[in-house]
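Down below is the structure, laid out as structure tokens.
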6 protein chains.
Amino acid sequence: MPSLDELVAYANQRTRLDAYQDAPGARNGLQVANNGAVTKIGAAVDSGLVPFQRAVAAGVDFLIVHHGMYWDMPQLLTGPVYTRVKTLFDGNCALYSNHLPLDGHPEIGNNALLAKQLGLTPDRPFMETEGGAVGCSAPWSGSRDDLKTQLEAQYDRVVPITCGSTTPSRIAFCSGSGNSAMKELVKAGIDTLVTGELREEWFNFAQERGLNVFLCGHYATEVHAVQALAAELAAKFDLPWEFIRTENPL
Amino acid sequence: MPSLDELVAYANQRTRLDAYQDAPGARNGLQVANNGAVTKIGAAVDSGLVPFQRAVAAGVDFLIVHHGMYWDMPQLLTGPVYTRVKTLFDGNCALYSNHLPLDGHPEIGNNALLAKQLGLTPDRPFMETEGGAVGCSAPWSGSRDDLKTQLEAQYDRVVPITCGSTTPSRIAFCSGSGNSAMKELVKAGIDTLVTGELREEWFNFAQERGLNVFLCGHYATEVHAVQALAAELAAKFDLPWEFIRTENPL
Amino acid sequence: MPSLDELVAYANQRTRLDAYQDAPGARNGLQVANNGAVTKIGAAVDSGLVPFQRAVAAGVDFLIVHHGMYWDMPQLLTGPVYTRVKTLFDGNCALYSNHLPLDGHPEIGNNALLAKQLGLTPDRPFMETEGGAVGCSAPWSGSRDDLKTQLEAQYDRVVPITCGSTTPSRIAFCSGSGNSAMKELVKAGIDTLVTGELREEWFNFAQERGLNVFLCGHYATEVHAVQALAAELAAKFDLPWEFIRTENPL
Amino acid sequence: MPSLDELVAYANQRTRLDAYQDAPGARNGLQVANNGAVTKIGAAVDSGLVPFQRAVAAGVDFLIVHHGMYWDMPQLLTGPVYTRVKTLFDGNCALYSNHLPLDGHPEIGNNALLAKQLGLTPDRPFMETEGGAVGCSAPWSGSRDDLKTQLEAQYDRVVPITCGSTTPSRIAFCSGSGNSAMKELVKAGIDTLVTGELREEWFNFAQERGLNVFLCGHYATEVHAVQALAAELAAKFDLPWEFIRTENPL
Amino acid sequence: MPSLDELVAYANQRTRLDAYQDAPGARNGLQVANNGAVTKIGAAVDSGLVPFQRAVAAGVDFLIVHHGMYWDMPQLLTGPVYTRVKTLFDGNCALYSNHLPLDGHPEIGNNALLAKQLGLTPDRPFMETEGGAVGCSAPWSGSRDDLKTQLEAQYDRVVPITCGSTTPSRIAFCSGSGNSAMKELVKAGIDTLVTGELREEWFNFAQERGLNVFLCGHYATEVHAVQALAAELAAKFDLPWEFIRTENPL
Amino acid sequence: MPSLDELVAYANQRTRLDAYQDAPGARNGLQVANNGAVTKIGAAVDSGLVPFQRAVAAGVDFLIVHHGMYWDMPQLLTGPVYTRVKTLFDGNCALYSNHLPLDGHPEIGNNALLAKQLGLTPDRPFMETEGGAVGCSAPWSGSRDDLKTQLEAQYDRVVPITCGSTTPSRIAFCSGSGNSAMKELVKAGIDTLVTGELREEWFNFAQERGLNVFLCGHYATEVHAVQALAAELAAKFDLPWEFIRTENPL
């Protein structure tokens, strides 16, 4: 039976965890420990009472999440935070969080997998940071309508903003929130972006600069990497794994 | 023919413009002057090249917007900013921006009008600030399904998050972005919110705390107040007015 | 059986918890919840694995501490923090922290009780803040040697700094760290301080300004108030209570 | 007919625009665009209504200034800022600003040209920054009186501070404001400075440390570089150019 | 023989020293002590080696300055700072600094005395702060040329900026640096300012907004108040006093 | 007779003074000058009236201190600060301060000398900073009790915290305050620290992580390096030297 430390060490190294400078408050890596042994791996997008309950009910004792508990730091272990953490403690379930490193990973990252879902091979980094790129881009030989059709086949809620070329030659990918991707798009000379969500004010930016943006959902575009990492860990350490889905429509 | 100064003074006073502390960078009031006279009023949600072009094409020389040019401050009057400002200058079109004061106004504010659209009379302030409340709330006697049905009749893209009571007794309103409304909702003891958009992480917050949220679109929930202010100014100063619509799906 | 909420509410009100502006990072009040019921109260000076283990072993399920977990905020629930918090969770032991309000309380505060220990009745506030004084002072009719003798009878490790009057007319009290009390002493025109600990550089300050300071230990001067509050809660709610001692020599 | 982009690119590269870290708020480079073509170049020291009006009246459509509009950022395009910017837009006159890079340039910079005016060849950098030196210094073989006589022949308002050597061996140059040059002077072991203006408190500094300072006017010492750049661009792109003078006595 | 403490206490109270919020780093009041007794009062504008030497040579043991040693805080008592402070210590000369309170005093302040010099009686505060106004203004019935003539009769170096009315109806006074007065002038609806010095960029501001400014020298406009305070203290405490002049041309 | 400048230059270079980034406000090097010549060297731990008086009484005109006047910056030369500085000026006694560089020096630093006192040879740096290590560590072959016995033989007030191994294999040294050493200890995998003082909250840290700490006094652990530097300078420049002791018990 593999130890918690072994899984954490492998996952940290595999995703180049220390290379990335993440958002203020974000803490990649192990956030909650367990008794030190792992028997089943879970993968979820978000931290929260319901994903934790479902993970524990499924027998998971090592839960990988894309969004750790940093969005709402457990300053005081009271109220909903108490309940949430107690669920993990009582279920002996460790919590492992991995945000930007998992978005940007060239093999098991959300953006690499978004491209792969469309049959594409990314050949350029997008949204480069000191530690590595967060996104990627790939050539596109179809029309904009082809792209829309394929995305709508794979995602429930696609919001298209079609102010750019009808025959884009390249597509950039930015899973989750695309707010910081918009200016990068212009700098990179790419006119078409697949992302999760955008604040309202970016529509006019897209309209003024002639950009296409396809919003496929923040949650929906970030289910890929946690599953890939869980599957890889499961194979490596000979453990079962399971995806813990929630109904997040955002 | 009324002067630009008269319209600005009336609108500022009517909306208690100086009372509100708005977002950093936001500048409520006149943002771009014209030659000093006004012959036609326009109302738009956003600043941008297309709404400015449509306003000028419609003969508007006093354009009221909810989102001024502060989202992308014209630091340098070059590129798209040059084009956007030149459109206003060449069209002799003044730009008047009014954000939080227009959200919170008890008669012509977005939230008061959202409530009115559902046949409700707000009787409590919501999201209070030093200068005044931004939102409001009103008693509700129907079911949650009734509310959903009514909203879907009035808005194209309603995203329901239904983790709260099936028979809410009160509904809070927060036009545009609801991110800052979520914790206020809990403090106020209200379990149902009508708003425009939410970042992904608030879904788990709603789920943990048992809240209903109906997202009706940031743009879509903010078309009301600029129209109401334009109509009132038009009546007061005996001028024509027109709503300048764009296709913002966000 | 009283509820956790009742005890917390009583203790907060009794100590005027919200009035005080405490140190950055300090969070007075409930820091860790339990299952909602209380059967035995504990009082300790510090948070830490050993005081938590001893409290749980003693059957305590509501532990009052003077120093909450804010000195070393449980950012990640891993390593020693995991063990410490798990001890509380497994023992169903709530953690209630109360710092400056308990130093300054005129009846059950550390400084009032330090004065009482010497048979004195404080008649002036010392180290006043917006929310209330943290310390107090009382007239003294004996010699400085009398004071020294009495303190050495009550405390194991007294470090005397005797640069002031041999017959002080007034004594100021500041439990715990006295670093912020030294300049206040000069302002108040008092030349003798009883406190817990001082950083090295204040010796010269005392020497230049002719001040007496008796250091009786940070821990040792702060055992009083948590006991007083525990005893009062125990009487009020008809519960047993116990002091959880550790061997802190500082 | 050369394009605006060509002129900007040439001027940016020629002055190593990106190398310098300028004052907070300063924005070197193109600040206001025009229709994209240039037929006549202007050079002025300051931004302002009068220099803009005179430039437009002279047919200038590319105005080089040393002080861009950053001293009084056009936050709102209203009042005097509206008038000032509208003057440029209506006259199709682009505004190009270049501050520290033009002070420090070894051939066409203000300080190199100040030295040249005295028949000197600078051989050492002065006021070095990461991107390059802002000032320079040159050996001097005459007396301090010789220097004073020459400066008074070239500048209308020379204020001499003569607390240093009567036979300085080296002179430092810092066009415009000399406030940040005074401590640098001491560090560099030079006792004589030619600059534009100084705040009052530096007189005692000069007196205590035995320094000579000749204040020749901020405006007057900064007319040189914009003219040199304009002349060079004019020759390169075969365009006419003109200096746009104002009566700034400071 | 009056004590140092008596003079300091009188001067602090007379000038409402504690009411004003001065510049960061400025420390109004006693900056350097002496042996506690005063036999002769001096008044100077600036701190510095030469004014200190001249004061000590004149037998002054209480030197009032407008600009204390805060412009160049004696962090380390080495080099010129050592020499400067040693001069005071060896001469047993106390240093008393008084900045904004002495500018704004309605009877013995620099601005009140500037107005009086022109035969005017200030009837409105100018540049109001929480603690009191720094400047003042007075009605003017002559022409702008009359004003210029009178100022040139009293000050050696007057720099006129004459972009405003030729017959101003009111004059504002701001001794020393006028940089922070320019926007206040516009707010107060006054078009003519008498001040000491201005940075270069304000010329265009004056030109765009149609303002007159007469620069009479920072030092020269601040000799008045220190003399008035010294004379008043001398009379009150029956002591001799002397003005310690330096040759500051700024 | 050596000059002040020579001694300062030698001491600065010998201790690599410029390499260290010291605490905010700390100013290593010459803090108060004298007439430029040195006839006798003094060494003291602290700045203060009493050590300055004793140094002057002993004929010292170059006083080396570990704690300069930065702990209580002489903002205003009044009250106790006036008296303290006047003592130095009247005694023609220069003050030279050297903090972290003297803690960390591998030959004459406090930590190297603490180790030497126990007969140990440090072989690893401890508490490394960019400029160099502040502490050091050395192997230990005796028991914890041996260590305690030796320390108690050399220091008057040893406070032992014995939560670690009874047979430590390595000892880290951090003279003065050990607050910043505790987390470094864990990182370095060392379980025993010799230091001067600790704030109260570190006891639980030591208890949770199983660490031994011996507190020997802040003052007492910092008498070594100033003496070593003074002795070395005395030998080098053929001058007498003397240790200026005070009774600091902290």
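The values are calculated or read from the model by the stated rules, or taken from the named source; none is laboratory data. Note that this is a predicted model, so its numbers are computed, not measured. Backbone-built Cβ (ideal geometry, glycine too); neighbour counts: all protein chains shown.
Quick notes on this structure:
- Failed item, numbered, when residue A:166 is tested on (1) in contact with a Lys or Arg (Cβ under 6 Å, 6 or more places away or on another chain); (2) surrounded by 19 or more Cβ atoms within 10 Å (Cβ to Cβ): (2)
- The condition of being touching a residue at least 60 places away in the same chain (Cβ under 8 Å), more than 10 Å from every other protein chain (Cβ to nearest Cβ), within 18 Å of residue C:242 (Cβ to Cβ) and surrounded by fewer than 21 Cβ atoms within 10 Å (Cβ to Cβ) holds for only one of C:108, C:41, C:64, that being C:108.
- Residue count for the range C:192-203, restricted to those that are outside any strand (DSSP E or B) and at pLDDT 95 or above: 5
- Filter pass, residue D:130 being at pLDDT 95 or above and either within 14 Å of chain B (Cβ to nearest Cβ) or surrounded by fewer than 17 Cβ atoms within 10 Å (Cβ to Cβ) (or both): no
- Cβ pairs under 8 Å, 6+ apart, first in the range E:152-163 and in contact (Cβ under 8 Å) with a residue 40 or more places away in the chain and within 11 Å of another protein chain (Cβ to nearest Cβ), second basic (Lys, Arg) and crowded, with 17+ Cβ neighbours inside 10 Å: E:162/E:144; E:163/E:209
- Residues being among the small types (Gly, Ala, Ser) and touching a Pro at 6+ places or on another chain (Cβ under 8 Å) - total across the range A:144-178: 1
Conditions (1) farther than 30 Å from residue F:25 by Cα; (2) more than 17 Å from the chain's Cα centre (by Cα), marked per residue:
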site	(1), (2)
E:40	yes, yes
E:44	yes, no
E:48	no, no
E:58	yes, yes
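- Matching entry among C:158, C:213, C:226 (being surrounded by fewer than 22 Cβ atoms within 10 Å (Cβ to Cβ), modelled with pLDDT of 95 or more and among the aliphatic types (A, V, I, L, M)): C:158
- Yes/no for residue B:83 being modelled with pLDDT of 95 or more and farther than 18 Å from residue B:240 by Cα: yes
- Residues in the range F:204-228 that are within 7 Å of chain C (Cβ to nearest Cβ) and not in a helix (DSSP H, G or I): F:218, F:219.
- The condition of being touching a residue at least 40 places away in the same chain (Cβ under 8 Å) and farther than 13 Å from residue A:114 by Cα does not hold for residue A:172.
- Residue satisfying all of: in the range D:229-248; surrounded by 19 or more Cβ atoms within 10 Å (Cβ to Cβ) and under 19 Å from residue D:114 (Cα atoms); nearest to the other protein chains (Cβ to nearest Cβ) among these: D:248
- Filter pass, residue B:163 being of a type outside the set (Asp, Glu) and closer than 29 Å to residue A:198 by Cα: yes
- The set of residues from the range C:3-17 being surrounded by fewer than 17 Cβ atoms within 10 Å (Cβ to Cβ) and either touching a residue at least 12 places away in the same chain (Cβ under 8 Å) or hydrophobic (A, V, I, L, M, F, W, C) (or both) comprises C:3, C:5, C:6, C:9, C:10, C:16.
- Residue match in the range A:62-77 (condition: in contact with an Asp or Glu (Cβ under 6 Å, 6 or more places away or on another chain), under 24 Å from residue B:163 (Cα atoms) and of a type in the set (Phe, Trp, Tyr)): yes
- Output for the range F:44-59, where each listed residue is within 14 Å of chain C (Cβ to nearest Cβ) and either part of a helix (DSSP H, G or I) or of a type in the set (Asp, Glu) (or both): F:46, F:49, F:50, F:51, F:52, F:53, F:54, F:55
- With respect to the conditions (1) more than 19 Å from residue D:23 (Cβ to Cβ); (2) buried (at least 19 other Cβ atoms within 10 Å of the Cβ); (3) away from chain B (no Cβ under 14 Å); (4) not polar (S, T, N, Q), residue D:103 falls short on a single one, namely (1).
- Looking across the range A:166-186, the residues that are among the aliphatic types (A, V, I, L, M) and within 14 Å of chain B (Cβ to nearest Cβ) come down to A:182, A:185, A:186.
Quick grid of which residues meet (1) more than 25 Å from residue C:99 (Cβ to Cβ); (2) hydrophobic (A, V, I, L, M, F, W, C):
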| residue | (1), (2) |
| --- | --- |
| F:163 | no, yes |
| F:171 | yes, yes |
| F:180 | no, no |
| F:183 | no, no |
| F:193 | yes, yes |
| F:196 | yes, no |
| F:227 | yes, no |
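- Residues of the range E:22-38 satisfying the condition of being more than 8 Å from every other protein chain (Cβ to nearest Cβ) and among the β-branched types (Val, Ile, Thr): E:38
- Boolean, residue F:162 is more than 18 Å from residue C:203 (Cβ to Cβ) and out of contact with any His (no Cβ under 7 Å at 6 or more places or on another chain): yes
- Elements of type strands (runs of 3 or more DSSP E) in the range F:60-179, at least 3 residues being under 21 Å from the mean Cα position of the chain (by Cα) and over 30 Å from residue F:208 (Cα atoms): F:62-67, F:94-97
- Members of the range A:144-155 found to be out of contact with any helix residue (DSSP H, G or I) (no Cβ under 9 Å at 6 or more places or on another chain) and either surrounded by fewer than 16 Cβ atoms within 10 Å (Cβ to Cβ) or more than 14 Å from residue A:114 (Cβ to Cβ) (or both), listed by number: A:144, A:145, A:146, A:148, A:149, A:152, A:153
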